[in-house]
Amino acid sequence: MTEYSRMSKAELIARLQALEIRSPKETAQPSPTRQTLSNTALFDSEERLRAILDTAVEGIITIDERGIIESMNRAAEKLFGYSSEEIVGRNVSTLMPSPYREAHDGYIEKYVRTGHAKIIGIGREVIGLRKNGEVFPMDLAVSEVRLANRRLFTGFVRDITERKEAEKRLSYYAAIVESTEDAIISQDLSGIITSWNKGAENLFGYMREEAIGNPFAMLLPPDRLAEEEAILATIRKGLSVERFETVRKRKDGKPIDISVTTSPLRTPDGTIVGASKVARDITDRKRAEEKLAALAHTLAEKNKELETIVYIASHDLRSPLVNIQGFSRELSHACETLRARLNADVKEIDRVELKRLLDEDIPEALEYIQAGVTKIDSLLAGFLRYSRLGRAAMKVEKLEMNPLIDAIVQAMEFQIKHAGAKVIVSELPACSGDSTLISQVFSNLIENAVKYRSPNRPCEVQISGRVEKDTAIYSVRDNGIGIALEHQGKVFEIFHRLNPGDSEGEGLGLTITQRIMERHNGRIWVESATDKGSTFFVSLPTMPQAK
Amino acid sequence: MVMSTKGEIVILIAEDDAGHARLIEKNLSRAGLRNTIQRFEHGQAILDFLFRRGPGPHRVDDMPYLILLDIRMPQVDGVEVLRQVKADADLRRIPVIMLTTTDDPREVERCHDIGCSSYIVKPVDYEKFAEAIKSLGLYISLVQVPEVSGK
């Protein structure tokens, strides 16, 4: 048996050719006439061959020129579900589903006539039909066996259902890998890329053929080279690195935020041969996180600002209240004194004291009380103005700044002339904003520049502007008294006033200006030096922005 | 350093609210104090006086002073005046009493840290205000104030 098992298919066929293949029935009933010595030897060899055929893994079926089945081995019986007794003598097309069944006789006939083989000596995948009606994929190789007076065809059949299933599963997985948005990459242990899906092409910008065979390190920004070494070290230990958030470099050089899970790739015996990587673009999430953090920061700032406003407001409202309360009491004192004096003997009236009460103390008290009421009223009006600003609707449009500033300067002509000031306006870029509010900003800045002029030199105000990217930056520069460094932060504080005694106003101008800028997504800041002058900068978007 | 009660203490008030200053004066006088009171409208003015700068009045050598400082004043506020006074080797001996409309504990603590002698909240309630000033008057009449010389 071992002798035969080593035979090639061709040798086996040659041996078969030497035999007259008979049906098992015939084999089971050997003719007594063949009971010669040589016949016995032949019979032995025939038996051995049959044993071999029956123990073969492949199904072996023999048919004649008409397609009639002459024999079938055990494997074929098992494969198709027929016993030899049932099938021998029937057309081999019985083992084929439509439409092959109908076409089969034609194939044989054509081959016998023309010698053109479609299958003989080649082997191909075909569909088989079992007795129970089931169809299955099979590998079929057909050999022609020429005997003295006729020819036979031997079919070697193998069920490839499992292989087909495996192939299907593989292509299914391959389809999943190809259709996912995630980048799925594999690499060997030296870091060379061995596979690269569509998602990887999209994420990193390298085509499959540009990536495979190259080191994974080509995706690393220079400051992250060590990262991948650490990951590979973990992989060699058989461990995964999950959802590692990092930055990689695209083909175009742009950095990209990704989350990547790296797992070891093992052969069936468990040897680690490389790593698989599933990487996901988290740029949007990162951006959202950053936006959220910025928002939280702004909110915290706003909250602090609000606290400051409440603190200042409570203090500033309290001051006039102390006066109102205090001087009311002083009035009461004066009344009591007056009453006491009037109730006393008229002759004793101290005219000087009464005169002082009526001409000095009482008017003074009344004056302070009235001033206190006026102060509270103006503070409350300021608050109202400030809060209204946050609610007023804005009409953002393109603003030509030169006409806008000219109008402001014209409206302030008297003030400017009175102060002996000169306002110089350069060519200004356009911006986008609400014309009323932006006018308010600049009129406030120009007013301040004139108001805080230096007594030592003629007041000069310069207004100029430039564009940086999508932002217009304007400056209002004066040569006035300036603001000491330690007060520069306070100038935007609500009700903060530089020189309350010297100038009018409620200390709300710059606070409101800053608020207007915030609503425009713009900014205002100051550079100043004591006794040299101040420059207020205002930045505004050149194009309207979506809020 | 010579401790002396011989000279009448001069009370320096830095208070931007004229009404408050006036009320303090009136109540100090009602409490029986006859001390000279000098008022400054803002922090810079009292600093100029103490450090003898600018054209205004300057402090006099060997005169005992006591300072009442409002915390919230424009530009140079009371805390800044306190800081500069306490940082000066000579002036640091002058007692400084802070006056404020708020009793924000952080503010109180800060002033004590810098070295103020006392801290008075100006209450809206006038009786309390008068009371506070009266005890201040008492304090002033009892305290021994060093004369300050130096530059």
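Every residue, every condition in (1) assigned to a helix (DSSP H, G or I); (2) at pLDDT below 85; (3) outside the structural domain of A:D105 (by TED's automatic domain parsing), yes or no:
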| residue | (1), (2), (3) |
| --- | --- |
| A:A41 | yes, yes, no |
| A:R50 | yes, yes, no |
| A:D54 | yes, yes, no |
| A:V57 | no, yes, no |
| A:I60 | no, no, no |
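Residue-wise test of (1) within 14 Å of chain A (Cβ to nearest Cβ); (2) free of Cβ contacts under 8 Å to residues at least 60 places away in the same chain; (3) among the hydroxyl-bearing types (S, T, Y).
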residue	(1), (2), (3)
B:V76	yes, yes, no
B:V79	yes, yes, no
B:L82	no, yes, no
B:V85	no, yes, no
B:L99	yes, no, no
B:D113	no, yes, no
B:V121	yes, yes, no
B:K128	yes, yes, no
B:E131	yes, yes, no
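Here is a list of conditions, (1) closer than 30 Å to A:I324 by Cβ; (2) more than 14 Å from chain A (Cβ to nearest Cβ); (3) touching a residue at least 40 places away in the same chain (Cβ under 8 Å); (4) more than 13 Å from the chain's Cα centre (by Cα), and B:L66 meets all of them except one; can you say which number that is?
Evaluating B:L66 over (1) closer than 30 Å to A:I324 by Cβ; (2) more than 14 Å from chain A (Cβ to nearest Cβ); (3) touching a residue at least 40 places away in the same chain (Cβ under 8 Å); (4) more than 13 Å from the chain's Cα centre (by Cα) leaves (4) as the failure.
Residue-wise test of (1) surrounded by fewer than 22 Cβ atoms within 10 Å (Cβ to Cβ); (2) aliphatic (A, V, I, L, M).
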{"position": "B:A21", "(1), (2)": "yes, yes"}
{"position": "B:I24", "(1), (2)": "no, yes"}
{"position": "B:N35", "(1), (2)": "yes, no"}
{"position": "B:I46", "(1), (2)": "no, yes"}
{"position": "B:G54", "(1), (2)": "yes, no"}
{"position": "B:L68", "(1), (2)": "no, yes"}
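Do we have A:D223 as outside any loop (DSSP other than H, G, I, E, B), exposed (fewer than 12 other Cβ atoms within 10 Å of the Cβ) and modelled with pLDDT under 95 here? Quick ask: steps written out before the conclusion?
Details: outside any loop (DSSP other than H, G, I, E, B): yes; exposed (fewer than 12 other Cβ atoms within 10 Å of the Cβ): yes; modelled with pLDDT under 95: yes.
Answer is yes for this residue.
Within the range A:229-243, which residues are under 22 Å from the mean Cα position of the chain (by Cα) and either part of a helix (DSSP H, G or I) or surrounded by fewer than 16 Cβ atoms within 10 Å (Cβ to Cβ) (or both)?
A:E242, A:R243
Does A:A293 meet the test of being part of a helix (DSSP H, G or I), surrounded by fewer than 17 Cβ atoms within 10 Å (Cβ to Cβ), away from chain B (no Cβ under 14 Å) and modelled with pLDDT of 90 or more? It would help to see each step written out before you state the result.
Numbers: part of a helix (DSSP H, G or I): yes; surrounded by fewer than 17 Cβ atoms within 10 Å (Cβ to Cβ): yes; away from chain B (no Cβ under 14 Å): yes; modelled with pLDDT of 90 or more: yes.
Here the answer is yes, as A:A293 does meet what is asked.
Please pick out the residue among A:I376, A:I408, A:I369, A:I362 that is modelled with pLDDT of 85 or more and closer than 30 Å to A:V461 by Cα. It would help to see each step written out before you state the result.
Details: A:I376 fails: closer than 30 Å to A:V461 by Cα; A:I369 fails: closer than 30 Å to A:V461 by Cα; A:I362 fails: closer than 30 Å to A:V461 by Cα.
So the residue among A:I376, A:I408, A:I369, A:I362 that is modelled with pLDDT of 85 or more and closer than 30 Å to A:V461 by Cα is A:I408.
For the range A:76-114, which positions are free of Cβ contacts under 8 Å to residues at least 40 places away in the same chain and either among the aliphatic types (A, V, I, L, M) or not assigned by TED's automatic domain parsing to the domain that holds A:E134 (or both)?
Answer for the range A:76-114, where residues must be free of Cβ contacts under 8 Å to residues at least 40 places away in the same chain and either among the aliphatic types (A, V, I, L, M) or not assigned by TED's automatic domain parsing to the domain that holds A:E134 (or both): A:I87, A:L95, A:M96, A:A103.
Could you tell me how many of the residues in the range A:403-432 are crowded, with 16+ Cβ neighbours inside 10 Å and in a helix (DSSP H, G or I)?
5
Within the range A:340-392, track down each residue that is in contact with a helix residue (DSSP H, G or I) (Cβ under 8 Å, 6 or more places away or on another chain) and of a type in the set (V, I, T).
Scanning the range A:340-392 gives A:I349, A:I362, A:I369, A:V373, A:I376.
Sort through A:L321, A:L317, A:L342 and tell me the only one that's more than 60 Å from the chain's Cα centre (by Cα) and not assigned by TED's automatic domain parsing to the domain that holds A:I256. Working first, answer last.
Working: A:L321 fails: more than 60 Å from the chain's Cα centre (by Cα); A:L317 fails: more than 60 Å from the chain's Cα centre (by Cα).
Only one candidate qualifies: A:L342.
Being assigned to a loop (DSSP other than H, G, I, E, B) and in contact with a Leu (Cβ under 8 Å, 6 or more places away or on another chain) is the filter; apply it to the range B:27-36 and report the residue that is nearest to the other protein chains (Cβ to nearest Cβ).
Going residue by residue through the range B:27-36, those that are assigned to a loop (DSSP other than H, G, I, E, B) are B:31-36.
Cutting the leftovers down to in contact with a Leu (Cβ under 8 Å, 6 or more places away or on another chain) gives us B:31, B:35.
Working: B:A31: 14, B:N35: 20 Å.
Among residues in the range B:27-36 that are assigned to a loop (DSSP other than H, G, I, E, B) and in contact with a Leu (Cβ under 8 Å, 6 or more places away or on another chain), the one nearest to the other protein chains (Cβ to nearest Cβ) is B:A31.
Among the residues that make up the range A:373-387, is at least one of them of a type in the set (V, I, T), in a helix (DSSP H, G or I), within 13 Å of chain B (Cβ to nearest Cβ) and surrounded by 15 or more Cβ atoms within 10 Å (Cβ to Cβ)?
In the first step, residues of the range A:373-387 are kept if they are of a type in the set (V, I, T); the result is A:373-374, A:376.
Pick out the ones that are also in a helix (DSSP H, G or I) and you get A:373-374, A:376.
Still in the running and within 13 Å of chain B (Cβ to nearest Cβ): A:373-374, A:376.
Still in the list and also surrounded by 15 or more Cβ atoms within 10 Å (Cβ to Cβ): A:376.
Yes, the range A:373-387 contains at least one residue that is of a type in the set (V, I, T), in a helix (DSSP H, G or I), within 13 Å of chain B (Cβ to nearest Cβ) and surrounded by 15 or more Cβ atoms within 10 Å (Cβ to Cβ).
The values are calculated or read from the model by the stated rules, or taken from the named source; none is laboratory data. Remember, it's a predicted structure, so these values are computed and weren't measured experimentally. Neighbour counts are summed over all protein chains in view; Cβ atoms, including those assigned to glycine, are modelled from backbone coordinates with ideal geometry.
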